[in-house]
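Report on the structure given below.
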Amino acid sequence: MTRRGRIVAWTGGVIGVLLLGTAGVGVWVYQHLDGNIHGADISVDGARPVNLSPGSKNILVVGSDSRAGANAKYGKGLTTMQSDTLLVLHIAANHKWATAVSFPRDSWVPIPACTRGNGSKSTPHHFKINEAFSIGGDSGDIRKAAACTIKTVEKNTGLRIDHFTSVDFQGFKGMVNALGGIEVCPKHAIHDKKAHLDMAAGCQNVQDEKALGYVRTRYSVGDGSDLGRIGRQQEFMKALASKAQSKLTSPGELYDFLDSATKSLTTDKDLAGLKPLYDLASTVKDIPSDRLTFLTVPNYYREADVPTDKANVVWQYPQATELFSDLAHDREIGAAGKQRFAEAAKNPITAHSVQVRVLNGTGTPGQAASAAEQLRKLGFTVIATGNAPATDKTTLSYPAALKAQSEVLAARLPGTKTTESTTAAPGAVTLTIGPDFASEVGG
């Protein structure tokens with residue numbers, strides 16, 4: 001199967017494509033499968049990004065790690081919903097290309113205020129990006145879990161999310177089992193108590209708990225990060241979609257697969273149902289394989305900025321901003337763009353390596369110190385604070401040799417004017433705070 005089939009699998013749209021093989025099975029089957037899909041009336045509060053490319057679609061895909069019912073054994077004492085996989089699929093307005101961007105669940109990002117299950121509001125703070133799903137889903141309400149996740153992704157990317165879809169653990173197992181398992185080839189034996197997995201090295205067919213454990217395992221493979229798990233999940237889903245596609249000529253064999261897939265699927269209200277999913281699949285099924293791009297948001301280990309944090313990653317700037325801007329404006333990333341991000345990732349300019357002078361141009365005492373503290377929390381090295389003549393706008397100036405470093409900081413300060421200065425102090429970029437300076441720095 002080509003990559004166009006694989007990308008459909010990630011969005012749940014594989015169901016629509018596979019309907020081509022079940023067209024003759026009857027009205028009852030169609031109605032049954034259509035009725036399996038859960039539609040959630042999702043309402044995202046507050047200001048939202050403007051859609052800068054009408055006609056394109058941004059679909060947020062979540063692998064739900066709910067611990068309710070049959071999923072309870074994967075985490076005792078958890079009363080809230082969990083998310084295990086998070087990505088955004090961008091489908092171009094002309095339907096000629098698409099890009100899928102994965103977000104490591106350990107991404108350290110600002111989490112905005114969200115509505116909890118009891119109606120109260122959470123406090124804005126920085127944490128792992130997957131916490132957004134559990135904040136909104138603390139009472140098991142998928143609508144609020146989705147709303148908080150959408151709000152968090154929109155805040156951190158500037159992308160307007162058009163649709164939401166989620167697949168849970170048990171549905172995933174059902175799809176794999178219905179296909180008779182999927183072949184995987186781990187190079188080393190895996191023993192992971194948390195993922196309930198004991199697996200020998202070498203190629204083997206996995207299904208049921210072993211298949212689920214394989215895509216969930218993390219700490220017992222490689223460096224124990226979420227980045228390796230993302231790669232395994234992507235490869236597994238490609239194989240799953242390929243095997244499902246191969247059964248298109250046998251409608252009977254597909255029924256169990258489709259039944260499990262639709263039962264496990266929750267979408268926003270507009271995407272709920274076989275027809276809208278089929279329509280979605282139709283928009284991507286003819287995209288050439290060389291115009292489908294899969295990548296992970298550029299990132300590096302946060303330990304480089306905050307030595308005590310050995311558990312999280314931070315997004316690499318300005319590359320992450322460039323990626324999201326391209327998608328927001330419907331500009332194709334392509335293989336060249338992916339390679340450019342990969343090259344930049346080899347030697348990232350960390351926040352810690354950027355030295356900053358913070359000057360207060362607001363006329364209100366204490367603003368430079370406050371801004372400096374925010375920057376330090378993000379890992380930037382603040383070398384001095386002071387006062388500057390009054391200014392209406394926050395500005396960032398830098399000597400020519402530090403242009404790249406200024407871009408790293410500017411990417412965290414949307415709307416800030418940056419200028420190269422021949423009189424700028426050497427060795428540091430200078431941030432002059434105006435009254436428009438955000439109360440919370442992003443990133």
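The values are calculated or read from the model by the stated rules, or taken from the named source; none is laboratory data. Because the structure is predicted, anything quoted here is derived from the model rather than measured. Because the Cβ atoms are built from the backbone with ideal geometry, glycine has one as well, and the counts that use them run over all protein chains shown.
Restricting to region 294-311, what's the tally of residues that are crowded, with 20+ Cβ neighbours inside 10 Å and in a loop (DSSP other than H, G, I, E, B)?
Residues that pass the stated criteria total 3.
Determine if region 190-199 includes at least one residue that is at pLDDT below 80 and closer than 17 Å to Gly63 by Cα.
There is at least one residue in region 190-199 that is at pLDDT below 80 and closer than 17 Å to Gly63 by Cα.
Any idea which of (1) in the same structural domain as Lys403 (by TED's automatic domain parsing); (2) buried (at least 16 other Cβ atoms within 10 Å of the Cβ); (3) not β-branched (Val, Ile, Thr); (4) not in a strand (DSSP E or B) is the one Pro365 doesn't satisfy?
(2)
Between Ile349, Ile383, which is among the aliphatic types (A, V, I, L, M), assigned to a loop (DSSP other than H, G, I, E, B) and modelled with pLDDT of 95 or more? Full working, then the answer.
On the way: Ile383 fails: assigned to a loop (DSSP other than H, G, I, E, B).
Only one candidate qualifies: Ile349.
Return the only residue of Ala336, Ala411 being free of Cβ contacts under 8 Å to residues at least 24 places away in the same chain and of a type in the set (A, V, I, L, M, F, W, C). I'd like the intermediate steps shown before the answer.
On the way: Ala411 fails: free of Cβ contacts under 8 Å to residues at least 24 places away in the same chain.
Result: Ala336 is the single residue among Ala336, Ala411 that is free of Cβ contacts under 8 Å to residues at least 24 places away in the same chain and of a type in the set (A, V, I, L, M, F, W, C).
Tell me, which residue of region 156-184 that is touching a strand residue (DSSP E or B) at 6+ places or on another chain (Cβ under 8 Å), farther than 30 Å from Arg331 by Cα and not β-branched (Val, Ile, Thr) is modelled with the lowest pLDDT?
Residues of region 156-184 touching a strand residue (DSSP E or B) at 6+ places or on another chain (Cβ under 8 Å): 156-157, 159-169, 171-172, 176, 180-184.
From what's left, farther than 30 Å from Arg331 by Cα: 168-169, 171-172, 176, 180-184.
Retained after the next criterion (residues that are not β-branched (Val, Ile, Thr)): 168-169, 171-172, 180-181, 183.
Working: Asp168: 80, Phe169: 71, Gly171: 75, Phe172: 78, Gly180: 89, Gly181: 91, Glu183: 92.
Here the residue is Phe169.
Hey, any hits in region 254-268 for a residue that's assigned by TED's automatic domain parsing to the domain that holds Leu86, free of Cβ contacts under 8 Å to residues at least 60 places away in the same chain, crowded, with 19+ Cβ neighbours inside 10 Å and of a type outside the set (S, T, N, Q)?
No, that holds for no residue.
Residue-wise test of (1) over 20 Å from His126 (Cα atoms); (2) surrounded by fewer than 20 Cβ atoms within 10 Å (Cβ to Cβ); (3) out of contact with any Asp or Glu (no Cβ under 9 Å at 6 or more places or on another chain).
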{"residue": "Ser370", "(1), (2), (3)": "no, yes, yes"}
{"residue": "Arg376", "(1), (2), (3)": "no, yes, yes"}
{"residue": "Ala384", "(1), (2), (3)": "yes, yes, yes"}
{"residue": "Ala388", "(1), (2), (3)": "yes, yes, yes"}
{"residue": "Thr394", "(1), (2), (3)": "yes, no, no"}
{"residue": "Tyr398", "(1), (2), (3)": "yes, no, no"}
{"residue": "Ala404", "(1), (2), (3)": "yes, yes, yes"}
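Yes or no, residue by residue, for (1) assigned to a loop (DSSP other than H, G, I, E, B); (2) among the hydrophobic types (A, V, I, L, M, F, W, C); (3) surrounded by 16 or more Cβ atoms within 10 Å (Cβ to Cβ):
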{"residue": "Val314", "(1), (2), (3)": "no, yes, yes"}
{"residue": "Ala320", "(1), (2), (3)": "no, yes, yes"}
{"residue": "Asp330", "(1), (2), (3)": "yes, no, yes"}
{"residue": "Glu343", "(1), (2), (3)": "no, no, no"}
{"residue": "Ser353", "(1), (2), (3)": "yes, no, no"}
{"residue": "Val356", "(1), (2), (3)": "no, yes, yes"}
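Inspect region 193-215 for any residue being closer than 27 Å to Gly39 by Cα, of a type in the set (D, E, K, R) and surrounded by 22 or more Cβ atoms within 10 Å (Cβ to Cβ) and give the result as yes or no.
no
Condition check ((1) hydrophobic (A, V, I, L, M, F, W, C); (2) buried (at least 22 other Cβ atoms within 10 Å of the Cβ); (3) modelled with pLDDT of 95 or more) across all residues:
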| site | (1), (2), (3) |
| --- | --- |
| Gly75 | no, no, no |
| Leu78 | yes, no, no |
| Ser83 | no, yes, no |
| Ala92 | yes, no, yes |
| Thr99 | no, yes, no |
| Arg105 | no, yes, no |
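Within region 120-154, take every residue that is polar (S, T, N, Q) and surrounded by fewer than 19 Cβ atoms within 10 Å (Cβ to Cβ) and give me the one that is farthest from Thr321 (Cα to Cα). Let's see the steps before the verdict.
Filtering region 120-154 down to residues polar (S, T, N, Q) leaves 120, 122-123, 130, 134, 139, 149, 152.
Still in the running and surrounded by fewer than 19 Cβ atoms within 10 Å (Cβ to Cβ): 120, 122-123, 139.
On the way: Ser120: 32, Ser122: 26, Thr123: 25, Ser139: 34 Å.
Once the filter is applied, the top-ranked residue is Ser139.
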